[in-house]
1. With a Förster radius of 35 Å, plug the Cβ-Cβ distance of residue 69 and residue 6 into 1/(1 + (r/R0)^6) and report the FRET value to the nearest 0.05.
2. Mind pulling up the Rg/Rh value for region 3-109? Radius of gyration and Kirkwood radius, both on Cα.
3. Arrange the peptides 98-108, 9-19 so that the one whose residues have, on average, the most other Cβ atoms within 10 Å appears first.
């Protein structure tokens, strides 16, 4: 497998299983393979077919809201990994979403756990938690009740680090 043939990412998924008629329920450690329709290409295509993920939690939240019926997962995407869509879009330097043939869940966090971590990080940053947090963890700025973008992004970066550390993974760049 080449270096470009796998990528770590974040994925928000329903606790009831995958979408679009695919009722598989990904479990930690299990590898899922993209389903291929005989009438379509067998190549993963962004926003069309394959096993998707985003490089950061913030990017994942741009595509799907984290709500009580969903969970946050850290995943390994493998096999023909690309950021190319059917319209030809490609930004392999810093895509907000990517796709491959396989996705393995390495760790998962419930909505309640993510919300708890976010509230702890807000308090650590000296921000008030007196305002009611939305019942949905939406786009980073909106979900954090008007905190400015840099504070919000720092909070989400810290959430990522805490999730990675909870799995025993290194969180500092070498």
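1. The formula returns an efficiency of 0.75 here.
2. 0.93
3. Values: 98-108: 20.8, 9-19: 16.5.
Highest-to-lowest ranking by the protection proxy: 98-108, 9-19.
Just so you know, all these numbers are worked out from the coordinates, no wet-lab data involved. The structure presented is a predicted model; accordingly, all values stated were derived computationally and were not measured. Here Cβ is always computed from backbone atoms with ideal geometry, including for glycine, and neighbour counts include all displayed protein chains.
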